[in-house]
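Bear in mind these aren't lab numbers, they're just calculated from the coordinates by the rules spelled out. Keep in mind it's a predicted model, so treat the numbers as computed, not measured. Backbone-built Cβ (ideal geometry, glycine too); neighbour counts: all protein chains shown.
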């Protein structure tokens with residue numbers, strides 16, 4: 001998985017975006033079987049300052065896509081918002097995801113600090 005860095009030398013955040021294509025959008029893709037959605041999506045991501053690390057087709061809730069984006073949160077959110085506003089996708093879910101390295105080096109130490117200070121209800 002891509003591990004770009006921010007201008008501060010930190011690993012870029014990753015986001016998982018899941019959505020379903022609308023019937024109209026999916027029919028257009030069927031009409032043009034040579035369409036390359038990865039190229040189109042990566043072009044939009046680049047315009048936002050992000051990149052598509054990987055992209056998968058899904059079919060659980062309808063023809064759709066799952067992708068992992070790498071970039072600052074503003075870039076990923078802008079890309080998701082424009083995709084939704086364009087009308088080609090629906091049922092969008094947008095989640096910040098963490099690499100195993102981020103979990104080990106950033107999240108677990110923070111969780112340990114919080115656990116020391118936390119008092120559960122009695």
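Listed values, structure above:
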read-out: Residue match in region 43-53 (condition: surrounded by 15 or more Cβ atoms within 10 Å (Cβ to Cβ), assigned to a loop (DSSP other than H, G, I, E, B) and free of Cβ contacts under 8 Å to residues at least 60 places away in the same chain); value: yes
read-out: Candidate set from region 24-38 (those that are without any contact (Cβ under 8 Å) to a residue 40 or more places away in the chain and in a helix (DSSP H, G or I)); member that is farthest from residue 65 (Cα to Cα); value: 31
read-out: Qualifying residue in region 71-83 (condition: free of Cβ contacts under 8 Å to residues at least 24 places away in the same chain and surrounded by fewer than 11 Cβ atoms within 10 Å (Cβ to Cβ)); value: no
